[in-house]
Each structure stands twice: as C-alpha cells, then as structure tokens.
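Peer 1: Can you read through this structure? Questions will come right after.
Coordinate-derived values only; no laboratory data. As the structure is a computational prediction, the values presented were derived from the model and not from experiment. So basically every Cβ, Gly included, is an ideal-geometry build from the backbone, and we count neighbours across all protein chains shown.
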Amino acid sequence: MNETTAELVEAYDEAFADDGHPRSHYAALLLELAAADLGALREQVSRELADVVFTGPGGDTAFEVDPVPRILPAAEWERLAAGLEQRVRALNAFILDAYGPRRCVADGVVPAHVLDEAEGAEGDLLGRHPGGVPVGIAGLDVVRDPEGELLVLEDNLRTPSGFAYAAAARRAVRGALPRLGEPVAFDGVWELLRATLHGATEAQDPLVVVLSDGPSNSAYWEHRRVAEHLGIPLVTLGDVAHRGDRLVLRDGSRPVDVVYRRSDQDLLRDEDGRPTAVGEALRGPWLAGTLGVVNGFGNGIGDDKLVHAYVEELVRYFCGEEPLLRSVPTLDLGRPGALEQVLDDLRCWVVKPRLGYGGQGVVVCSHADDAALRRVAADLREAPSGYVAQRTVPLSRHPTVIDGKLEPRHVDLRPFIFSTPGGVRALPGGLTRVAWDRGALVVNSSQNGGAKDTWVCT
C-alpha cells in the first residue's frame, strides 16, 4: 500500500512539530540518533531479542522491535492512564450488569439488540455470573488523531497479550541507547500481574497456574516468561482434572486456586452449543466459586466492537463521571440510516467484524480496490449487525528505522491495565505497534507489523 500525500500531511507526527522542529521531549533522542549507525542499532536490538518469538503454523518468527522508542511526556501519560483506568472500571461494571439485571438496557444507555446479538455473550452466565472482577487484564488499543488527541480504537478484554513482549523490548532498546535519560521503569508489570492473579481468590498462599494451549499458541513465549517470572506452573488442559468441584493438577498436588487463562479459546461453548474443551475444564469450578479465572469467560460481550460505540455513555452511567478518554466514533449499523450513511461514502470508513481480533477481517476501505469494496458492501447489506464502521483515523506516524534510514511509519499504542485489589492500574507506557509497510494502517504483527518500546518521561 502506498501512503498518499494527503495522509502524510494529515497524520500527526509524534516526534516533529508542524514547523519541522523536534518536539521538546524528542530532542535528545533525535540528536543521539543523528550520530548513530541506524542499521547497526536495529541489528543490535534484534540480537538482544533473538530468543523472543511468536509461534505460527510455519514455526517461530522473530519479535521485531524498532530501536527508536516512542516517548510520552509524563503529564500526557497521567491523563491517558486516568482515562484508561476509568474506562476499565466502567467495562467491568457493564459486564456484570449485562449478565445480571441489565440496568443499562432498562435505563436506555445501551439498546437491547447490542446485548442480544453479541457473539461473545455466554448464555450459561445469564443470571449466574460468579462476579468478582471480569477483566483482570485489559489491553486497549489507543490511537492519536491528526489534532493530537489520544482515542481508544478497541477494547481488548478477553485474552490480551503483549506485556512480556513490551518488557523485553524495554530491555533491548534501553541497552542500545544507554546515554539517554531514564524513562519510567517497566519492571512493575510482574507485581501488578501477581496482585491481579492473587486478587482473583480469597485463598491464602494460593496455587496459581498459567493455562496455555502449549507451543501451538502464537504467544507461547510470553506464557513461559510469565510462569518463570512468577514461579508458577505452566500447564495445558492435559495437566489438570476435576476432583469434586475443584480443579486439581494431575500430578496429585494441591487444588488450583487461580487459572491465568491464556488459551486462544475464550468461550464456554462453541458455535454449535457444545462445551469447548477449556469451558468443560473450568466452568464447573469457576461457577462453584472454588476457582478464580483471569480473564473470566463472557468478556467478549464487553469488547464486542459494537459495545465500543457506547462505552463513553457506560462511563457516565456506571462511574458517574465524564469520560476522560474518548472512543474513535463507531457506528451501530443496526440504527436507522447508519448502513446507508456508510454505503454512500464507503471509502471513508474502516469496517470490522464485531468479534474479530488481531486485525482479522478488518477492511480499511480507503486502501481497498473496487472488488474488495463490492464484497464489503455485499457483506454489510447481508448482515449489518455483524459489523461496525469507524471513520478512518490516520494513525499518527513515528520515525522508524527502515533500510538504515529514519522514515515515518504509522503507529498505535497497546497499554495494559490491571485490576488489582488496590484498584485499577495502568502500567506506564505499554507496547507501541508499528506498521513496517509505508502507508499501512494495520499494525498487527500478523500483518507485517512490529513494535517499539514506549517511554514515559520521568
């Protein structure tokens, strides 16, 4: 895809002001880079990350990190963190309400069809959700619009990944740029994770396990890293069994108190209504209250992309506060006139399936050819309730090392938010994701995207 001149002019530049001068918080970094061999710098970072991989059908692929970090001023991060934490508090309350009294529907905050048609809803949980905190760990996707405002593009509440990769990126990039000032430390991730997992049970000295699909999972490296850092078992479904209403390890050790669920399967039942393997293993103990699950089942109703259209109202409703962080405007195509509005001007929209993730099924219509647009239009006419439409946001751009030179590439931000017993906490920084291809607006690693370390100024 080629980036148009209009996009280059319109997109916000993270490092340079409109007059071409470096933004003040980037001045020292850009001065350091001007004297560096950029190709060698990227190679150094890659060597440091040689053992950090994603797993796919064709084997392991490298976790590619650009050596040029993204920098957020401390004051801007404080505002963003407060908005992220507020949003997650509201979404936790919404999920419990959606499976309980549905007050948000009765009071007209969310239309009934949004919940009734949600693909990620779990019928087993209606009226019997075990409560607690549904979203132990959230990984929201944040973008910056051309005016410089940070907006939430998507809410990821099911099985967000990436914080261990972000910690690895920090280690590698910090080592490659030793003369620059210290950003806010990223080491607190393990304490926040431990607090979140222990907060999912009332047991003292709980047995916590990481439940993985095994080496077939694309983020298996992260699963192993978490288990190693926390000193807890890494297991698959074959390693656990039931003993009454308790989940136990097959090796005969004491019952499991908390499962950190990192399986790709996040539903209790499949599309035919049969229990999934992970649902069959965890459902009974979880609903009986003997097992904490992070993240719990049923969260798909919260990160349904159609719910995204109503999150600002949910913040007002559940928190009694004005939203500190806005969403990228999202159209509910089930509302009168919305479908026609999108079809009349399709190239101005990004079309997404309601329950997709990882960029799967997303069509940036401004970059699509005529045949692809015809397919999108047909899909929308056939099943408008299965999709949402968002106005295209030209993602901000950031200097990135491409073939030994700095070139602008589009980026977003994946911050991580933890629900601990002490409150909801956003981890400083997060993982900036970057599209290696010029002009590309999809930054997922599965679609030729990479990563950047994200520094919060001290």
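Peer 1: Local charge sum around ALA451 (other residues, Cβ-Cβ under 12 Å, Lys/Arg +1, Asp/Glu -1)?
Peer 2: That works out to +2.
Peer 1: What is the fewest-to-most order of ARG42, ARG246, ARG409 by other Cβ atoms lying within 10 Å of their Cβ?
Peer 2: ARG246, ARG42, ARG409
Peer 1: Considering amide H positions built from the backbone, and no H for Pro or chain starts, which residues 5 or more places from ARG326, or on another chain, come under 5 Å of its amide H?
Peer 2: Distant-sequence amide H within range of ARG326: VAL152.
Peer 1: Let me ask something else about it. When you count, for each residue, the other Cβ atoms within 10 Å and take the mean per peptide, how do 163-173, 219-229 rank with the highest first?
Peer 2: Ranking, from highest mean packing down: 163-173, 219-229.
Peer 1: Give the long-range amide H neighbours of LEU207: residues separated by 5 or more places, or on another chain, with amide H under 5 Å away, using H modelled in the peptide plane at 1.01 Å from N.
Peer 2: ASP257, VAL258
Peer 1: Mind listing the phi-derived Karplus ³J(HN,Hα) values for region 453-458, rounded to whole Hz, using 6.51, -1.76 and 1.60 with θ = phi - 60°, and x for any glycine or proline?
Peer 2: 5, 10, 9, 9, 4, 7
Peer 1: Right, something else. Determine, for ASP332, ASP51, the number of other Cβ atoms within 10 Å of each Cβ, and report the residues in order from fewest to most.
Peer 2: The fewest-first ordering by Cβ neighbours comes to ASP51, ASP332.
Peer 1: List the residues, sorted by chain then number, that are 5 or more residues from LEU72 or on another chain and whose placed amide H is less than 5 Å from its amide H.
Peer 2: Hits under the 5 Å cutoff: TRP455, VAL456, CYS457.
Peer 1: For region 297-329 and region 22-73, compute the distance between their C-alpha centroids and round to whole Å.
Peer 2: Answer, in whole Å: 33.
Peer 1: For a quick check: sort LYS352, LYS405, LYS305 by the number of other beta carbons within 10 angstrom, fewest at the front.
Peer 2: The fewest-first ordering by Cβ neighbours comes to LYS405, LYS305, LYS352.
Peer 1: Which value, in Å³ per residue, describes the convex hull spanned by the Cα atoms of region 330-392?
Peer 2: So the per-residue Cα hull volume is 75 Å³.
Peer 1: Next question, about the same structure. Work out from phi, with θ = phi - 60° and the Karplus expression 6.51 cos²θ - 1.76 cosθ + 1.60, the ³J(HN,Hα) of each residue of region 314-319, listed in order in whole Hz, and give x for Gly and Pro.
Peer 2: 5, 4, 4, 6, 8, 9
Peer 1: Then there's this: Counting pairs of alpha carbon atoms under 8 Å apart in space and at least six apart in sequence, what relative contact order in percent does the chain give?
Peer 2: 26
Peer 1: Based on the alpha-carbon gyration tensor of the chain and its eigenvalue square roots a ≥ b ≥ c, which shape applies: rounded if a/c is under 1.5, prolate if not and a/b is larger than b/c, or oblate?
Peer 2: oblate
Peer 1: Then there's this: Once you have a ≥ b ≥ c as the square roots of the Cα gyration tensor eigenvalues for region 130-211, tell me rounded if a/c is under 1.5, and otherwise prolate or oblate according to whether a/b is larger than b/c.
Peer 2: Here region 130-211 falls in the oblate category.
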